[in-house]
Every structure is written in structure tokens, then in C-alpha cells.
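Notes follow the structure.
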Amino acid sequence: MKGNSTESSIAGVILAAGGSERLGEPKQLLQWHEEPFVVHIAHTALEAGLAPLILVTGADNQRVEAAVRELPMKIVFNSRWAQGQSTSMKTGLLALPEHCQAVMFLLSDQPQITSRLIRQLIERYKVNRAPITAPKVGSQRGNPVIFGYETFHALRRVTGDQGGRAILEQYEVDWLPWEDEQILLDVDDAEDLEKLRQAYDR
């Protein structure tokens with residue numbers, strides 16, 4: 001059921017279940033600013049005000065869960081993680097409270113996403129209430145993305161190794177223009193990791 005709260009209605013879901021096959025080690029636990037990716041992302045999400053915050057684990061779940069044990073977040077395990085990102089997205093949706101009006105999905109291989117970006121997306125959503133709110137750098141779509149309650153049923157129908165992008169064409173998207181093209185980077189292999197670290201090695 002859709003609730004009436006407007007202040008704490010946007011949940012955060014960190015998708016951290018992948019097996020990191022191309023990298024050869026759990027990217028959720030790679031170091032970023034002297035802490036694991038997943039810990040840094042959780043700190044950023046909490047700082048930005050996402051509540052509740054939910055972490056979806058899968059591969060290497062014991063190590064990932066141990067890394068975030070002290071953080072105020074809900075951890076849910078996706079036993080079907082090997083079947084693709086859609087299963088983790090659905091696991092996160094199932095863990096949302098009934099009053100949740102919107103959810104922001106964050107990826108565990110994008111530790112460079114800032115609390116400033118998250119807060120601006122939240123504020124834009126609260127003003128415009130579009131079904132989907134997302135950043136855009138030039139003509140390129142970025143993450144993280146906010147999905148309103150009215151999109152949840154479509155998200156539940158996504159299958160395989162697809163995430164929320166699979167339904168972008170079904171709904172109005174409110175694009176937040178963003179200048180930092182580095183938010184488009186993610187980490188699939190060692191080369192990606194080097195690119196990310198070089199981009200922020202100021």
C-alpha cells in the first residue's frame with residue numbers, strides 16, 4: 001500500500017550480489033578511500049538521507065555482510081544472484097516497507113557516486129514526482145536512479161541480467177543534468193578499476 005509520508009519515503013537499495021567473474025575478486029570489497037566499496041557506498045547513502053537502507057548480497061555474502069555489520073542497514077540475501085541483476089532488484093523490492101513511495105538503486109561498483117548527487121536527485125523527485133528520476137551527462141544516462149511506487153510492478157517483471165533500465169522507455173523520466181562524466185564509470189574488470197582510480201586521483 002502506498003503511504004502518505006513525504007519526508008522519509010525514499011528508500012535506498014544497494015545491489016551487491018554479483019560474482020565479479022571478470023575481475024577475479026569481489027568488487028564489493030575493493031578499496032576506495034581506505035574502506036571497501038560497499039561500505040563507502042553505504043556511508044554515502046546514509047549521509048544523503050536514504051531511509052531505510054537495504055543491502056542485497058549474494059556471492060561472497062558472508063564477507064560482504066561482515067564488512068557492513070556495524071552500519072544501520074537491513075541486509076537481505078539473494079539466493080538466485082547468479083541468475084542476473086533482476087533477481088537482486090526484486091529481492092530489494094520485497095524488502096521495502098509498505099509505506100515506501102520510491103526507491104533509489106545504487107550499484108556496488110560505483111563508489112564515486114556522491115551524497116550531493118543523491119540529495120539533488122531526492123530533491124528533484126520530491127518536487128516533480130516523476131515516475132523515474134535519473135542523472136544525465138550530456139546524452140548519456142547515469143546512476144543512481146529513483147523509481148516511484150507506480151513503477152514497482154514493472155520492475156518486478158524484469159528478468160535476467162537487467163536492472164531498472166529495462167523499463168525506462170515505459171515511463172516519463174525526469175532527467176537531472178549532471179556535469180561530472182565520471183559518474184558513468186563502473187568496475188567490471190581490472191582496467192575499469194584503474195580508470196576509476198585515475199579519474200579521482202587528484
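No lab work stands behind these numbers, since they all come straight from the coordinates. Everything quoted here is computed from the prediction, not taken from an experiment. All Cβ positions, glycine included, derive from the backbone under ideal geometry; neighbour counts span all protein chains shown.
Restricted to segment 139-157, and to residues there that are out of contact with any Phe, Trp or Tyr (no Cβ under 9 Å at 6 or more places or on another chain) and over 14 Å from Met104 (Cβ atoms), the residue that is surrounded by the fewest Cβ atoms within 10 Å (Cβ to Cβ) is Ser139.
Annotation note: of Glu191, Glu179, Glu169, the sole residue that is surrounded by fewer than 12 Cβ atoms within 10 Å (Cβ to Cβ) and either polar (S, T, N, Q) or in a loop (DSSP other than H, G, I, E, B) (or both) is Glu179. With (1) surrounded by fewer than 14 Cβ atoms within 10 Å (Cβ to Cβ); (2) of a type in the set (Gly, Ala, Ser); (3) on the phi < 0 side of the Ramachandran plot as the list, and Gly160 as the residue in question, which single condition is left unmet? Result: Gly160 passes all but (3). Contact map, segment 184-198: first residue closer than 19 Å to Thr114 by Cα, second residue surrounded by fewer than 17 Cβ atoms within 10 Å (Cβ to Cβ) and of a type in the set (Gly, Ala, Ser), Cβ cut-off under 7 Å, separation 6 or more or different chains; pairs are Leu185/Ala199.
Tell me yes or no: at least one residue of segment 115-126 is part of a strand (DSSP E or B) and either surrounded by fewer than 20 Cβ atoms within 10 Å (Cβ to Cβ) or among the aliphatic types (A, V, I, L, M) (or both). No. Contact map, segment 147-174: residues that are touching a residue at least 24 places away in the same chain (Cβ under 8 Å) and over 11 Å from Ser88 (Cα atoms) paired with residues that are of a type outside the set (D, E, K, R) and surrounded by fewer than 15 Cβ atoms within 10 Å (Cβ to Cβ), Cβ distance under 6 Å, separation 6+ or inter-chain. Pairs shown: Asp174/Asn128. Of the residues making up segment 176-194, not a single one is over 16 Å from the mean Cα position of the chain (by Cα) and β-branched (Val, Ile, Thr).
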